[in-house]
Amino acid sequence: MLSIRQLEAGYGKVKVLHGIDIDVPKGKVVTLIGSNGAGKTTTMRAISGMIQATAGQITLGDKRIEQLPPHRIARLGLAHSPEGRRVFATLSVVDNLRLGAFPRYTGSRPRGDIEADLERAMDLFPRLQERRLQLAGTLSGGEQQMLAMARAVMLNPELVLLDEPSMGLAPILVEEVFRIIARLKEQGVTMLLVEQFAAAALNVADYAYVLENGHISVHGPAEQLKTDPAVKAAYLGGS
Ligand code: ATP
C-alpha cells in the first residue's frame, strides 16, 4: 500500500529525516514511535506532500507520490489527520465532515456514497452525532480532535495518517480514540499512526518502527517491540 525508501526531508537547510524506509501493507496498522523532535510529524508531512522530500521515494499503491502536491495525493486516497486540532471553526460538525469528502469529487460527481459515509462516521463517533449542527469552534478540544479524525475517514481513504490523535486528551477520551482506531482497523482501514502513548499504539498496531534523530533504529512486529528491552526502557516507561 505505502512504501517509503531512503526518504530525506527537512525544513530549509535543516535536514530532519536522513534516509528512512517504512512499509505500510494494506489493511494493517503500523505505528511510528520516537521521542520529541525525532521527526515523526515531519515523516507524516512528507508523505502527504505538505513538505517536499529532498531525496528518496514514496509509493502509494502503484504511484510515486513524492513529487505530487497535497491535493493530488489526497485524491489518490491518502487522508492526513494532522497534529493539533485543524477544524473549520465557523462551520458545523456536519459541514466539516462533508468538506472531508471534497477530494472525492471529480466535477460535480463524488466517488461513492457521501451521505452513507457521513452516517458511518457519525456511528463511529457518537459524540459528533450528538453535536452535528454545533459550530466546530465551540467543540471541546477532545471533540475537535475526534472531528479531525472523522473528517479523515470521510475521504473513504486507502490509507489514513493519524498524527498524535490522543494529544492533549483526558484519559477517558484517549481510551475512546484507541477504541475508534481498533474499530477502523476491524473495518479494514490501513493506518500509519504516530502516538506519544507508545504502549497503547503497540497494542493496536501490527508492526512498529522506532525513529531516533531522523533514522529508523529498530523495527519489527508490534508484539516483538513490546518486549524489546531497549524499546521498553526508552518508550514504555521501563515496565
Ligand atoms: P513531537 O513528538 O515533539 O511532535 P516529532 O518526532 O513529531 O516530535 P517533528 O515535529 O517531526 O518531530 O520535528 C523534527 C525536527 O524538525 C525538530 O527539531 C523540529 O524543531 C523541526 N521542525 C519541525 N517543524 C519545523 C518547521 N516548520 N520549521 C523548522 N523546523 C521544524
Practice task
Go through region 68-122 and give me each residue that's without any contact (Cβ under 8 Å) to a residue 40 or more places away in the chain and on the phi > 0 side of the Ramachandran plot.
Solution key: Gly107
Handout entry: region 152-169, residues that are closer than 19 Å to Asn203 by Cα and either modelled with pLDDT of 90 or more or open to solvent by 10 Å² or more (accessible area, probe 1.4 Å) (or both)
Key = Val160, Leu161, Leu162, Asp163, Glu164, Met167, Leu169
Handout entry: Looking only at region 1-20, and only at residues there that are touching an Asp or Glu at 6+ places or on another chain (Cβ under 8 Å) and either under 17 Å from Ile73 (Cα atoms) or without any contact (Cβ under 8 Å) to a residue 60 or more places away in the chain (or both), the one that is farthest from the ligand (Cβ to nearest atom)
Key = Met1
Practice task
Output yes when any residue across region 137-151 is in a loop (DSSP other than H, G, I, E, B) and open to solvent by 30 Å² or more (accessible area, probe 1.4 Å), and no when none is.
Solution key: yes
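For a quick check of your reading: which strands (runs of 3 or more DSSP E) sit entirely within region 172-239 and have at least 1 residues that are closer than 30 Å to Asp123 by Cα and either small (Gly, Ala, Ser) or in contact with a strand residue (DSSP E or B) (Cβ under 9 Å, 6 or more places away or on another chain) (or both)?
Working: elements: 190-194, 207-212, 215-221.
Fully inside region 172-239 and qualifying: 190-194, 207-212.
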Handout entry: Given (1) surrounded by 19 or more Cβ atoms within 10 Å (Cβ to Cβ); (2) away from the ligand (no atom under 16 Å from the Cβ), number of the condition Arg75 does not satisfy
Key = (1)
Problem - Residue ID - farthest from Gly10 (Cα to Cα), chosen from residues in region 34-65 that are charged (D, E, K, R) and open to solvent by 20 Å² or more (accessible area, probe 1.4 Å) - result: Asp62
Completion exercise
Checked region 171-225 for anything among the acidic types (Asp, Glu) and either closer than 24 Å to Gln144 by Cα or in contact with a His (Cβ under 6 Å, 6 or more places away or on another chain) (or both); matches are Glu175, Glu176, Glu186, Glu195
Practice task
Kindly list, by first and then second residue, each pair from a residue in region 24-43 that is at positive phi to a residue that is within 6 Å of the ligand (Cβ to nearest atom), limited to pairs with Cβ atoms under 8 Å and residues at least 6 apart or on different chains.
Solution key: Gly34/Lys40; Gly39/Val16
Problem - Candidate set from region 21-47 (those that are touching a helix residue (DSSP H, G or I) at 6+ places or on another chain (Cβ under 7 Å) and closer than 22 Å to Ala74 by Cα); member that is nearest to the ligand (Cβ to nearest atom) - result: Leu32
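The values are calculated or read from the model by the stated rules, or taken from the named source; none is laboratory data. Since we're looking at a predicted model, the values are computed, not measured. Every residue, glycine as well, gets a Cβ built from its backbone with ideal geometry; the counts of neighbours run over all protein chains shown. When the accessible area is computed, the model is the full protein with side chains, heavy atoms only, and any ligands, DNA or RNA have been set aside. Shrake-Rupley method; radii C 1.70, N 1.55, O 1.52, S 1.80 Å.
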